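The values are calculated or read from the model by the stated rules, or taken from the named source; none is laboratory data. These numbers were taken from a predicted model, which means no experiment stands behind them. Backbone-built Cβ (ideal geometry, glycine too); neighbour counts: all protein chains shown. Heavy atoms of the whole protein, side chains included, go into the accessibility calculation; ligands, DNA and RNA do not. Shrake-Rupley method; radii C 1.70, N 1.55, O 1.52, S 1.80 Å.
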Amino acid sequence: MTDSVVIVTGGSRGIGRATAIAAAARGFKVCIGYASNEIAAQEVVATIESTNGKAIAVKCDVGDEADILALFKAADELGPLGALVNNAGIVGPTLRVEDMSAERIARMMAVNVTGSILCAREAVKRMSTRHGGKGGVIVNLSSVAAKLGSPNTYVDYAASKGAIDSFTIGLGHEVAAEGIRVAAIRPGLIDTDIHASGGDPDRAHRLSANVPMKRVGTADEIANAIVWLLSDEASYITSAILDVSGGR
Ligand code: NAP
């Protein structure tokens, strides 16, 4: 593929971890961000280094602009940026809208929406031919929740992912003539820690009977789609949103 740098936000666990490892296997130097789990982040770095890849881990809460600037600065030390995977995302405990606090909704939007847009801003400044860059790819993590709306669970999360879909379409058009492709993946029910983080560890397996393929997906199955979008095999794909959801 390339020896350019990819930034994977939330690269310490789950889909981000699998993506970081898959991207390194395809020749990217990898800069992962993580929120707080330094041990998990260092495990990803060690795994990549054990196969002669290059990786660094940077503590970066994407809800904090200063952290984002520091993440990109650290990545600049590795080499020219060629790709960004806007993976970091959060859910919240199951709640109906009438019970949601302003603080919860603001945090959901700050991490899932504003964080992704600010990371894309920094990536465009580095990759756009308009700014002297050589082009690149941005992959955003949406969710099938954007289509389903997640009623009685987390409508705020679903709305944040709907925003990611619109952002993907708009940014893709904005930078299409500047060498940058922008795409999103909408994962379905994927077997990661995110469900436990929302207070419902069995959620994915419990709902898997509703998936046409009758099973949950794995982080590797999402990572494989992401690294394909990063590759030249996807060279005519931009402003596109791909469901990787077993048909859900
Ligand atoms: P996960 O297993 O919960 O992992 C979350 C990762 O993001 C961790 O590396 C975590 O870092 C990091 N993170 C959490 N909050 C962060 C913040 N504020 N700033 C920066 N990093 C942060 O999540 P996942 O299931 O892999 O989900 C990854 C993405 O896919 C998310 O955008 C999610 O919405 C989307 N998605 C997931 C599913 C699913 O079923 N799993 C379905 C649809 C969409 P620490 O390790 O430091 O905590």
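Can you say whether residue 58 is closer than 25 Å to residue 183 by Cβ, open to solvent by less than 40 Å² (accessible area, probe 1.4 Å) and either within 8 Å of the ligand (Cβ to nearest atom) or touching a Gly at 6+ places or on another chain (Cβ under 6 Å) (or both), as far as the supplied structure shows?
When the stated conditions are applied, residue 58 passes them.
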**Message:** I'd like to check which strands (runs of 3 or more DSSP E) are fully inside the range 1-108 and have at least 2 residues that are more than 26 Å from residue 167 (Cβ to Cβ).
**Reply:** 55-59
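State the number of residues belonging to the range 213-227 that are touching a helix residue (DSSP H, G or I) at 6+ places or on another chain (Cβ under 6 Å) and in a helix (DSSP H, G or I). Give the derivation first.
Within the range 213-227, the first condition is being touching a helix residue (DSSP H, G or I) at 6+ places or on another chain (Cβ under 6 Å), and the residues that meet it are 215-216, 219-220, 222-223, 226-227.
If we keep only those that are in a helix (DSSP H, G or I) too, we end up with 219-220, 222-223, 226-227.
Result for the range 213-227: 6.
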**Request:** Would you check if there is a residue in the range 23-37 being open to solvent by 20 Å² or more (accessible area, probe 1.4 Å), farther than 24 Å from residue 184 by Cα and more than 8 Å from the ligand (Cβ to nearest atom)?
**Result:** no
**Message:** Can you tell me how many residues within the range 123-150 are more than 16 Å from the ligand (Cβ to nearest atom) and open to solvent by 40 Å² or more (accessible area, probe 1.4 Å)?
**Reply:** 7
**Request:** Answer yes or no: is there a residue in the range 232-244 that is in a helix (DSSP H, G or I), touching a helix residue (DSSP H, G or I) at 6+ places or on another chain (Cβ under 7 Å) and within 12 Å of the ligand (Cβ to nearest atom).
**Result:** no
**Request:** Filter the range 156-207 down to the residues that are basic (Lys, Arg) and touching a Ser or Thr at 6+ places or on another chain (Cβ under 8 Å), then identify the one that is farthest from residue 93 (Cα to Cα).
**Result:** 181
**Request:** Determine which member of the set 207, 148, 189 is out of contact with any helix residue (DSSP H, G or I) (no Cβ under 9 Å at 6 or more places or on another chain) and of a type outside the set (Val, Ile, Thr).
**Result:** 207
**Message:** What's the number of the only condition in (1) assigned to a strand (DSSP E or B); (2) surrounded by fewer than 18 Cβ atoms within 10 Å (Cβ to Cβ) that residue 207 fails to meet?
**Reply:** (1)
**Request:** Return the residue satisfying two criteria in turn: it lies in the range 1-20 and is open to solvent by 50 Å² or more (accessible area, probe 1.4 Å) and more than 6 Å from the ligand (Cβ to nearest atom), and of such residues it is nearest to the chain's Cα centre (by Cα).
**Result:** 17
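What number of residues within the range 89-109 satisfy the criterion of being touching a residue at least 12 places away in the same chain (Cβ under 8 Å), among the charged types (D, E, K, R) and open to solvent by 60 Å² or more (accessible area, probe 1.4 Å)?
Of the residues in the range 89-109, 2 are touching a residue at least 12 places away in the same chain (Cβ under 8 Å), among the charged types (D, E, K, R) and open to solvent by 60 Å² or more (accessible area, probe 1.4 Å).
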**residue 230 vs. criteria buried (at least 16 other Cβ atoms within 10 Å of the Cβ), out of contact with any His (no Cβ under 7 Å at 6 or more places or on another chain), at pLDDT 95 or above and over 21 Å from residue 148 (Cβ atoms)** = yes
